[in-house]
């Protein structure tokens, strides 16, 4: 497994936008196209996003807010992480988090944030296994999580 983050191009857009989680997971993360449209609609979040590849195969999508243009947004925030249903439970989510942590670490960031919906099937345990801690606070009615980057 060789996981990398790549820009989405006109040549790869259709394949990346076709990636999807299982139907029962759809309430926890929006699709790729919807996420890109959401980013465009919130310019002060200054979203950065990439397709996740295993060698030459697109397997997912990740979107972050790094530096933000408004206090309405949280800097150094993992905004979206989607692994296609065909590629889940193979380590791609963890490998992607490793790459995002490394991205932030290289920028001198000490704390990374994310938030997750509550409920049956929530990905909160995935993030907690990785090392994220619940803050006891909520962000847009989602559990706010923090990861200290060493």
**Request:** Can you tell me how much longer the chain between residue 141 and residue 46 gets when fully stretched, taken as 0.36 nm per residue apart minus their C-alpha distance, in nm with one decimal?
**Result:** 32.0 nm
**Prompt:** Is the shape of the range 1-145 rounded, prolate or oblate, going by the alpha carbon gyration tensor and its root eigenvalues a ≥ b ≥ c, with a/c under 1.5 for rounded and a/b larger than b/c for prolate?
**Reply:** rounded
**Item:** Spatial separation of Cα centroids for the range 1-21 and the range 108-150, in angstrom
**Value:** 25 Å
**Request:** Provide the FRET efficiency to the nearest 0.05 for the residue 14-residue 133 pair, computing r from the beta carbons and using R0 = 25 Å.
**Result:** 0.05
**Fill in**
Candidates 60, 110, 136; GNM for the chain (alpha-carbon contacts under 10 Å) flags as most fluctuating 136
**Request:** For n ≥ 4 DSSP H runs only, could you compute -39500 (n - 2.57) per run for the chain, divide by its residues and tell me the 222 nm figure to the nearest 500?
**Result:** -7000 deg cm²/dmol
**Prompt:** Relative contact order (percent) for the range 10-150, with alpha-carbon contacts under 8 angstrom and 6 or more residues of separation?
**Reply:** 19 percent
**Request:** Pull out the extension gain between residue 4 and residue 56, defined as 0.36 nm times the separation in residues minus the alpha carbon to alpha carbon distance; nm, one decimal.
**Result:** 17.8 nm
**Cα→Cβ-extended label distance, 7 Å offset, between residue 98 and residue 125, nm** = 2.3 nm
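Values in this text are rule-based calculations from the coordinates and carry no lab data. No experiment lies behind these values; they were computed from the predicted model shown. Note that each Cβ is placed from the backbone with ideal geometry, even for glycine, and that neighbours are counted across all protein chains shown.
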